[in-house]
Amino acid sequence: MFGICVLPSSLPTTSKDPGITNEIVCGLIESMQIKSVRVWMHLPYVLQRAPTSNTLSFKRDIVEDYHAYFSALASAGVENILVMNHQYLYPVEAGPITYNGVIPDPDSQTREYVAFLELFRDCYAMLAEEFPEVDLWEPNNEPDHPSGTTIVKNGYVQGGGSANTPYLYSLEEVARITADQCYYANLGIKSADPANKLVMPGLVFGYDRDTYFIEMLYEQIESGALPTRTGEGRNGALRADIDPDHYFDVLNWHPYANVAPGDAWLQENIAMYRIAAAHGDGDKPLFLSEFGWSDEFDTSLQENIADWYPEAFDLLRENLPTLESVFCFRMFNWTTAGSGVKPREKSFGLFTSPAEAGGILPKPAAIALFRYFNGKDADISVLYRYRAA
């Protein structure tokens, strides 16, 4: 049940402070008795496409860094390693792309779209073959977010503001594309090992439309028009697949509460689970692949969050019967972020950053979670093992 989102500083992604090593991450994971870890591994981090063909190859140095991290996690007692991606490689058919979350238009560019999906499948087949230590794969992140950053049309540019509006897909189109992504990624991971599991991309929470989106996702699967394949129109002459088991094995959303976890928050979780159950998925495992609070460096709010985490875990465990893992976002503060990053994004950590005064110290939430999972009398001194000398 106890999970965390964390990467050491040596691996790609910019949203972390320097000085976070495999040893520090895994030492705290072992001390906290965390059993599930979510890892960012965007496709362009570890794979590259040949200049003039769709031949793929690995970026071997970075791949070996990920292997070392996964090995260290396993040695620290981690049982679930969940790998998430929301950036893409593009087939030669797609031509120039303006942003790394672009998806070729499914209707006006069917050939380019299917070529994209087939390359997506091939990426996941290669990853699953290369990383047998991983059996949980999440092929996108918050595709239904209102800002629309992981499924957008070509022409979208980072930081474009309102000028990006023409390059956003409708929510129905996002649901269709998400289903296609899941289907093709699932084909890829299971070609390497049928025991691999495809995790539904973590859906957003609290925008008064999330239950609608998960319903739309099932409607797309059950429409008889998917998966999109080579041929005229959306499905060509090939058979549709309306079985959600062929799209994902694990349910997933991100139940950020923002305030104390009250009844409205709980009922939204229950509503999302009931929609999945109504479509025959009530027995599937459920992950919450991001969950937590930002304290914005407010010590009084930190104390509140320390109370809220155990309350939320109790409510979730009592009301979501297939809940397996909750991944706290995240292990460390991100204090070296640029001036354009809001304090909210910098202060989700359960621990302070090595860049902060005092070094790595547990915040009240870390102590509360440690005691929740390890007993109220558990020795918290192990949480201070990386404090500054």
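The values are calculated or read from the model by the stated rules, or taken from the named source; none is laboratory data. Since we're looking at a predicted model, the values are computed, not measured. Don't worry about glycine lacking a Cβ; one is built from the backbone with ideal geometry, like all the others, and counts go over all protein chains shown. SASA here: full protein model, heavy atoms, side chains in, ligands and nucleic acids out. Shrake-Rupley method; radii C 1.70, N 1.55, O 1.52, S 1.80 Å.
So the values come out like this:
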item	result
Residues of segment 112-159 satisfying the condition of being among the charged types (D, E, K, R) and more than 26 Å from Leu286 (Cβ to Cβ)	Glu112, Glu118, Asp122, Glu129, Glu130, Lys153
Segment 26-42, residues that are over 17 Å from Arg371 (Cβ atoms) and among the hydroxyl-bearing types (Ser, Thr, Tyr)	Ser36
Count - residues of segment 52-78 that are assigned to a helix (DSSP H, G or I), hydroxyl-bearing (Ser, Thr, Tyr) and loosely packed, with under 15 Cβ neighbours inside 10 Å	2
Within segment 332-354, tally of residues that are of a type outside the set (Ser, Thr, Tyr), over 22 Å from the mean Cα position of the chain (by Cα) and surrounded by fewer than 17 Cβ atoms within 10 Å (Cβ to Cβ)	2
Tally of residues being modelled with pLDDT under 95 and over 26 Å from Ala195 (Cα atoms) across segment 239-258	2
In segment 101-122, the residues that are within 22 Å of the chain's Cα centre (by Cα), in a helix (DSSP H, G or I) and under 24 Å from Gln158 (Cα atoms)	Phe116, Leu117, Leu119, Phe120
Residue list for segment 244-265, restricted to those being hydrophobic (A, V, I, L, M, F, W, C), open to solvent by 40 Å² or more (accessible area, probe 1.4 Å) and over 17 Å from Asp307 (Cα atoms)	Ala264
The lone exception for Thr178 - which of (1) surrounded by fewer than 24 Cβ atoms within 10 Å (Cβ to Cβ); (2) in contact (Cβ under 8 Å) with a residue 24 or more places away in the chain it fails	(1)
Test: residue in segment 87-94 that is on the phi > 0 side of the Ramachandran plot and in contact with a strand residue (DSSP E or B) (Cβ under 8 Å, 6 or more places away or on another chain)	no
In segment 18-29, residue farthest from Ala185 (Cα to Cα) [restricted to those that are part of a helix (DSSP H, G or I) and either open to solvent by 60 Å² or more (accessible area, probe 1.4 Å) or of a type in the set (S, T, N, Q) (or both)]	Glu23
Failed criterion for Thr230 (all others in (1) within 23 Å of Arg111 (Cα to Cα); (2) open to solvent by 50 Å² or more (accessible area, probe 1.4 Å); (3) of a type in the set (S, T, N, Q); (4) at pLDDT 95 or above hold)	(4)
Qualifying residues in segment 30-51 (those that are over 20 Å from the mean Cα position of the chain (by Cα) and hydrophobic (A, V, I, L, M, F, W, C)) - the one least open to solvent (accessible area, probe 1.4 Å)	Met32
Positions within segment 266-280 being open to solvent by less than 10 Å² (accessible area, probe 1.4 Å) and touching a helix residue (DSSP H, G or I) at 6+ places or on another chain (Cβ under 6 Å), in sequence order	Met272
Of all residues in segment 118-147 being open to solvent by 50 Å² or more (accessible area, probe 1.4 Å) and touching a Gly at 6+ places or on another chain (Cβ under 7 Å), the one that is farthest from Ser289 (Cα to Cα)	Asp122
Cβ-Cβ under 7 Å pairs, at least 6 apart or on other chains, segment 345-361 side free of Cβ contacts under 8 Å to residues at least 24 places away in the same chain, far side assigned to a strand (DSSP E or B)	Gly349/Phe332
Leading residue by the ranking (nearest to the chain's Cα centre (by Cα)) among those in segment 148-174 that are over 22 Å from Leu117 (Cα atoms) and open to solvent by 60 Å² or more (accessible area, probe 1.4 Å)	Gln158
